[in-house]
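Engineer: Input: one structure, supplied below.
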Amino acid sequence: MAEMICEVDSEDNLLGLREREEFYSGSYIHRASHLILLNSENEMLIQKRATSKKWYPNRYTYSVSGTVRDESYEACIEREMLEEIGISVPFRKLFKIPCLLENGGAYHTVFLGRCSEETLSLIRPDPEEMVSINWVRLDELHIAIENEPENYTPSLKAGIQKIFKEGSETYIF
């Protein structure tokens, strides 16, 4: 059975469910949830997406990223944490970013979570989702995105740029 995900309008109002494959045309808007996972040094875990991914293969993105099924943004990020990195941490919503194209794209809701040293050792990346993970300081990530934007997903670029434009202390600390 095909995976069904949320279709929304240009104001993020739920229209119904569509098969995931239909969104690859770029003709529909979906929802996505992302997690900025920080360690005790305030470094962010980033993942390099698997080569097999249809959207932005081999690009770096958030610690956890997922397409919203028939669920809330919060339920999506909770599910995706377990699926992609094998852990669950408390999280809070930071902001929502519209990354809309002419008649497609997505609403990306970004969450923040912190990882204890104990939980850190339990992280198990899913090789079907990612080829690698790295811990990086946010200021270094911001510079890397500015210098080599083609290496990062549009949603990660938009999120990190928003954080630095509005002040990281507003969101992170």
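Every number in this text was worked out from the coordinates using simple rules, so none of it is lab data. Bear in mind the structure is a predicted one, so any value in this text is a computation, not a measurement. Cβ atoms come from the backbone with ideal geometry, glycine included; neighbour counts cover every protein chain shown.
Engineer: Name the most mobile residue of Ser155, Ser63, Ser88, meaning the one with the largest mean-square fluctuation, in a Gaussian network model of the chain with Cα contacts below 10 Å.
Structural biologist: Judging by the Gaussian network model, the answer is Ser88.
Engineer: Between Asn134 and Asp12, 0.36 nm times their residue separation minus their Cα-Cα distance comes to what?
Structural biologist: 40.7 nm
Engineer: Please give, to one decimal in nm, the separation of the simple spin-label points placed at Ser52 and Ser72, each 7 Å out from Cα toward the Cβ.
Structural biologist: 3.2 nm
Engineer: Given labels modelled 7 Å from the Cα in the Cβ direction, how far is it in nm from Ser27 to Ile172?
Structural biologist: According to this spin-label approximation, the distance is 4.1 nm.
Engineer: What full-extension length gain, to one decimal in nm, is calculated for Thr119 and Asn42 as 0.36 nm per residue of separation minus the Cα-Cα distance? Show your work: numbers first, answer last.
Structural biologist: Details: separation 77, 0.36 × 77 = 27.72 nm, distance 1.48 nm.
Stretched fully, the Thr119-Asn42 segment lengthens by 26.2 nm.
Engineer: Round to the nearest 10 and give me the degree value, 0 to 90, for the angle of helix 138-147's Cα axis relative to the longest principal axis of the chain.
Structural biologist: With both axes taken from Cα atoms, the answer is about 60 degrees.
Engineer: Beyond 28 Å, what percent of the Cα pairs of the chain remain? Each step should come with its number before you reach the end.
Structural biologist: Working: 2560 of 14878 pairs.
It works out to 17 percent of all Cα pairs.
Engineer: How many lysine pairs are close in the chain, with Cα atoms under 20 Å apart and the two 8 or more places apart or on different chains?
Structural biologist: Close lysine pairs found across the chain: 10.
Engineer: Go through region 27-37 residue by residue and turn each phi into a ³J(HN,Hα) via Karplus (6.51, -1.76, 1.60, θ = phi - 60°); whole Hz please, and just put x for glycine and proline.
Structural biologist: 9, 10, 9, 10, 10, 9, 10, 9, 10, 8, 9
Engineer: Using a 7 Å offset from Cα along Cα-Cβ at Ala2, what residues in region 18-55 end up with backbone N under 18 Å from the label point?
Structural biologist: 18-31, 54-55
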